[in-house]
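Since the structure comes first, as structure tokens, the remarks are kept for the end.
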Amino acid sequence: QVQLVESGGGLVQPGGSLRLSCAYSGSIFSIIAMGWYRQAPGKERELVARITRGGTTNYADPVKGRFTISRDNAKKTLYLQMNSLKSEDAAVYYCNALAPMGPGGGYWGQGTQVTVSS
């Protein structure tokens, strides 16, 4: 069983920055990959960034060069540093964790709202 809790969302102006956090619990060795996804109203949930157990990272094209995903195993926390935020980045951001014996789509947190507005 893996539990995920996101935090750090809020209201930010275009061009601003936010750092999202995802505190996870469970067997740390069982997590093979973690990622951030986002979902805007009327749209499907989409991948933002992903990091594997070995530290390999991947980013969706719209956020490349602006977002950075990282993980602190000692603190059991996943981060998403979001810079140069745009209106199109506004969405609910979800933390995801994949485990060998877990659901095919991984475990999900409850999400944290990111609003980008002047």
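Taking the criterion of being at pLDDT 95 or above, touching a Lys or Arg at 6+ places or on another chain (Cβ under 7 Å) and open to solvent by 60 Å² or more (accessible area, probe 1.4 Å), the only residue of segment 4-35 that qualifies is PRO14.
Residue pairs whose Cβ atoms lie under 7 Å apart, sitting 6 or more positions apart in sequence or on different chains, and linking a residue in segment 1-22 that is among the hydroxyl-bearing types (Ser, Thr, Tyr) to a partner that is open to solvent by 30 Å² or more (accessible area, probe 1.4 Å) and not in a strand (DSSP E or B), are SER17/ASN83; SER21/GLY8. Evaluated against (1) under 16 Å from LEU78 (Cβ atoms); (2) part of a loop (DSSP other than H, G, I, E, B), GLY35 falls short on exactly one condition, (2). The set of residues in segment 92-118 being among the hydrophobic types (A, V, I, L, M, F, W, C) and within 21 Å of ALA33 (Cβ to Cβ) consists of VAL92, CYS95, ALA97, LEU98, ALA99, MET101, TRP108.
Among the residues making up segment 79-116, those that are modelled with pLDDT of 95 or more, of a type in the set (Gly, Ala, Ser) and over 14 Å from TYR24 (Cβ atoms) are SER84, SER87, ALA90, ALA91, GLY111.
The values are calculated or read from the model by the stated rules, or taken from the named source; none is laboratory data. Note that the structure is a prediction, hence the values are computed from the model and not measured. Glycine gets a Cβ as well: all are built from the backbone with ideal geometry, and neighbour counts include every protein chain shown. Ligands, DNA and RNA are stripped out before the accessible areas are found, and what is left, the full protein with its side chains, is counted by its heavy atoms. Shrake-Rupley method; radii C 1.70, N 1.55, O 1.52, S 1.80 Å.
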